[in-house]
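Accompanying notes for the structure given below.
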Amino acid sequence: MLVLLDNVTKSYAGIPAVKNVNLAIEAGEMVLLYGPSGAGKTTLLKLIGCLEKPDEGKIYLESQNVSRLRAELLAEVRRREIGFLTAETEMIPVFTVQENVELPLQLLKQGKGGERRERVKQLLAELDLEKVAGKRIGALTPLERAKTALAAALIKSPSIILADEPTARLALASGLELIRTMAEINQKKKTTFLVASDDPAFSRYLTRTVKIYGGVIEGEPRPAGLTLARNEEVPIYDLKAEQNA
Amino acid sequence: MLSFAFRNLVRRPRLFPILSIAVVVAAALLVNFFLRDLERRLIQSEIDFRFGHVKIYPQDYDPAGFSLSNLILSPEAVVHEVQKRLIGAAPRVRFQAMLSSASGDLPILVYAIDSERDDLVFKLREKVAVGRYLAGSEEAVLLGGELAAALGLSIGDELSFLAQGRNGVFHQFSFWVKGLLKTGDRELDASAVFVPLSVAQSGLGLNRGVTEISIRLKNPREALSVSLPSVQAIPWQKMNGQFNWLSAGRRAILTALAVIWLLVVLVGAVNYIHLARILRAEEFAYWRQLGLKRRDFVRLIAWEIGLTILAGILLGLLIGGIVKCFGWL
């Protein structure tokens, strides 16, 4: 099990955004998190993406409980394991497409400059972005911008890519093209996607649809097999151990 | 983080803070240049017309008292020890006198000089604007241009003044005006009269005595090491602290500019962080998604502010340097 949510609750100013949510996502799945605006989709993605901590319940990522990790360790989890794709993603406006896509690798200190650039070049070619590699984000069309954000999320081969309304700023055709591209990547590379959207039309491109209303996910039982998780007290991302190494 | 901050700064330069810092740095640099130059010129003028590299007075002599009772009786013997280090030694008698003119009595400062030896130490000859320089023991004077104008004197006119000799007896001196000086030194131009040394010594009853000896050294920096027995030897670096006010003024102005600079930097930094939080909220959210830690954010912002300050300083130095080089100051 790649992602496991066990009875997760999160409130803002006393108002629950998600309530007793149970969810399991297998590696290689492409799940649509469907629900209207305000249903709790973004909150759920932030919880899984380690941008927020749950008030109650546990979140497991790769069998590790990440719900109580320190902020530094959560940042490390995001850096290594999570790719984000949102409609609001502007990336770094003063960087070019090439630089923006290379950035996650630089932060991970993966490979040398030449190797990194070669890897970025290949990915940009796969996503049909070669021609805009030298352009800054502001000079791109909305679809190119969304694909660049997808490339930046993909480049570090994360465990899961969390896409929050990725098509919200795109025209219908462009939105469909982006979802199709994501579906192709899912098929080809077995990359796991969790796509939050209020548009059910995308469901045919995805392997499964999970519905959320008023912060509650319908029909998802409390996941079994939680006992398989490793010792919760020992975080997988131990910064000290990493630094010592 | 440094490379990201550098790229950010180059591609999105914050012109206002950079220019603000640059203007203050350039102003400080130019003020410093200007005041240092002024200080250097004043000191040089003092060395060239009045002080020399080392001024020698009799023991216990008070230069402000203009007394003729305490003299150096044998100038050659005094400078004998440092003879090899000298370009020249100029014995002088400096005394006050009262000049009678149509507009009333006027106190003047008289420098009795040995024109040939004075020439080796001072640059008066170059500053004779009208007429000629003194020669030998002729009964002629050099007069500050402003003083001559105030008295309505010109070359060839007669000039008389009264001075008290060593024995207390007043002596009437009469000279003809041989040259008018324009030194740029307010005191010399407005109230000084230069007369031949031998004439003054004879009139004041000093024999061969002088009130001071100025020496010009081959290496001016050696002035501090000149030490002579039985006299006061004052190097030019310690000339009565009369230019201390300039150094103190320069330091005060530079300190004020440094305070302004720090305020500009401080306000700029606070403003920068505040604006960045508003204008770059989306960018920072993206950095957070990428896994940037709190300390990385702090480092990124600190580098950006540091590089902005550095850019401002470098630009300020460049502007100041260019203005100085092209003499626009």
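Can you tell me what share of the DSSP beta bridges in chain A is antiparallel? A percent to the nearest 5 is fine. Spell out each step's value before the answer.
On the way: 17 of 36 bridges.
If I count the DSSP bridges inside chain A, around 45 percent turn out antiparallel.
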For the range A:136-229, compute Rh as the Kirkwood radius over C-alpha pairs and then the Stokes-Einstein diffusion coefficient at 37 °C and 0.692 mPa s; write the answer in µm²/s, rounded to an integer.
-> 220 µm²/s
Checked against the positive end of the charge dipole of the range B:114-273 (+1 on Cβ of Lys and Arg, -1 on Cβ of Asp and Glu, about the Cα centre), the farthest of B:Ser247, B:Gln201, B:Ile155 is B:Ser247
Cα point-scatterer Debye curve for the range B:170-329, base-10 log of I(q)/I(0) at q = 0.14, 0.16, 0.18 Å⁻¹ | -1.04, -1.17, -1.28
Take every DSSP beta bridge whose two residues both sit in chain B, then give the antiparallel share in percent to the nearest 5.
-> 80 percent
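Would you mind telling me the antiparallel percentage of the DSSP bridges in the protein assembly as shown, rounded to 5?
Details: 56 of 85 bridges.
In the protein assembly as shown, approximately 65 percent of DSSP beta bridges are antiparallel ones.
Report, in debye and to the nearest 20, how large the dipole of the protein assembly as shown comes out about its Cα centre when Lys and Arg carry +1 and Asp and Glu carry -1 on their Cβ.
Working: 71 positive and 60 negative charges, 283 e Å.
Roughly 1360 debye for the protein assembly as shown.
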Counting other Cβ atoms within 10 Å, which GluC sites (Glu not before Pro) in the range A:1-109 have at most 15 and lie in a DSSP loop?
-> A:Glu26, A:Glu88
Whole-percent pair-distance distribution, where bins are 5 Å wide, for the alpha carbons of the range A:1-99 | 3, 11, 21, 23, 20, 12, 6, 3, 1
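Would you compute, from DSSP H runs of 4+ residues alone, the mean residue ellipticity of chain A at 222 nm, taking -39500 (n - 2.57) per run and dividing by the full residue count, rounded to the nearest 500?
Working: 7 runs with 82 residues, N = 245.
After summing the helix terms and dividing by the residues of chain A, the value is -10500 deg cm²/dmol.
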Nearest 20 debye, what's the magnitude of the dipole of chain A about its Cα centre given +1 on Lys and Arg Cβ and -1 on Asp and Glu Cβ?
-> 400 debye
In whole Hz, with x marking every Gly and Pro, tabulate ³J(HN,Hα) for the range A:169-174 from phi via Karplus 6.51 cos²θ - 1.76 cosθ + 1.60, θ = phi - 60°.
-> 9, 9, 5, 3, 4, 5
B:Leu68, B:Leu228 arranged by Cβ crowding within 10 Å, fewest neighbours leading | B:Leu228, B:Leu68
Which Cα, out of A:Val18, A:Leu129, A:Gly38, lies furthest along the positive dipole direction of the range A:1-160 (beta carbon charges, K/R +1, D/E -1)?
-> A:Leu129
Calculate the radius of gyration of the Cα atoms of the range B:83-208 to one decimal place, then report Dmax, the largest Cα-Cα distance, as a whole number, both in Å.
-> 14.0, 49
Expressed in whole Å with the largest first, what are the equivalent ellipsoid semi-axes of the range B:121-185 derived from the C-alpha gyration tensor as the square root of 5 times each eigenvalue?
-> 22, 14, 12
Cα gyration tensor of the range B:28-105, axes a ≥ b ≥ c as square roots of the eigenvalues: rounded (a/c below 1.5), prolate (a/b > b/c) or oblate?
-> oblate
Calculate I(q)/I(0) for the range B:1-68 by the Debye formula, one identical point scatterer on each C-alpha and no solvent, and give its log10 at q = 0.14, 0.19, 0.22, 0.25 Å⁻¹ to two decimals.
-> -0.70, -0.90, -0.97, -1.06
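Count, for each residue of B:141-147, the Cβ atoms from other chains sitting within 10 Å of its Cβ, then give me the mean as a whole number.
Details: counts 0, 0, 0, 0, 0, 0, 0.
Average neighbour count from other chains, rounded to a whole number: 0.
Which of rounded, prolate, oblate describes chain A, given a ≥ b ≥ c as roots of the alpha-carbon gyration tensor eigenvalues and a/c under 1.5 marking rounded, otherwise prolate only if a/b is larger than b/c?
On the way: a/c = 1.86, a/b = 1.24, b/c = 1.50.
Cα axes put chain A in the oblate bin.
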For the residue pair A:Lys135 and B:Ile260, what label-to-label distance in nm results when each label sits 7 Å from Cα along the Cα-to-beta-carbon direction?
-> 4.7 nm
Using alpha-carbon pairs under 8 Å, 6+ residues apart, how would you state the relative contact order of the range A:1-154 in percent?
-> 21 percent
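Stretch A:Tyr213-A:Leu172 to full length: gain in nm at 0.36 nm per residue minus the Cα-Cα span?
Values: separation 41, 0.36 × 41 = 14.76 nm, distance 2.42 nm.
Working it through step by step, the gained length comes to 12.3 nm.
My understanding is that a pair violates if its Cα-Cα distance is over 30 Å; which of A:Lys131/A:Lys156; A:Lys46/A:Lys131; A:Lys58/A:Lys190; A:Lys41/A:Lys156; A:Lys131/B:Lys293 do that in this structure?
As for pairs spanning more than 30 Å Cα to Cα, those are A:Lys46/A:Lys131; A:Lys131/B:Lys293.
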Find which of B:Phe297, B:Ile273, B:Ala258 sits farthest along the positive direction of the dipole of the range B:220-298, computed with +1 on the beta-carbon of Lys and Arg, -1 on that of Asp and Glu, about the Cα centre.
-> B:Phe297
From other protein chains only, count the Cβ atoms within 10 Å of every residue's Cβ in A:76-84, then give the mean.
-> 3
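Which of B:Val270, A:Val97 comes first, and how do the rest follow, when ranked by fewest Cβ neighbours within 10 Å? Working shown, then result.
Working: B:Val270 11, A:Val97 27.
The most exposed by this proxy come first: B:Val270, A:Val97.
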About the Cα centre of the range A:74-116, how large is the charge dipole given +1 on each Lys and Arg Cβ and -1 on each Asp and Glu Cβ? Please answer in debye to the nearest 20.
-> 240 debye
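Given an 8 Å cut-off on Cα distances and at least 6 residues of separation, report the relative contact order of the range B:90-204 as a percent. Display every interim value, and only then the final one.
Numbers: 252 pairs, mean separation 40.3, N = 115.
This gives 35 percent for the range B:90-204.
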Order of A:Val77, B:Val195 from fewest to most other C-beta atoms within 10 Å?
-> A:Val77, B:Val195
Rg (one decimal) and Dmax (whole number) from the Cα set of the range A:69-154, in Å, equal 13.0, 41
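In terms of the Cα gyration tensor, with a ≥ b ≥ c the square roots of its eigenvalues, is chain B rounded because a/c is under 1.5, prolate because a/b exceeds b/c, or oblate? Present the calculation step by step, with values, prior to reporting the outcome.
Values: a/c = 4.00, a/b = 2.91, b/c = 1.37.
The shape class here is prolate.
Read-outs throughout are calculated quantities, based only on the coordinates presented, and are distinct from any laboratory measurement. All of these numbers come straight from a predicted model, not from anything done at the bench. All Cβ positions, glycine included, derive from the backbone under ideal geometry; neighbour counts span all protein chains shown.
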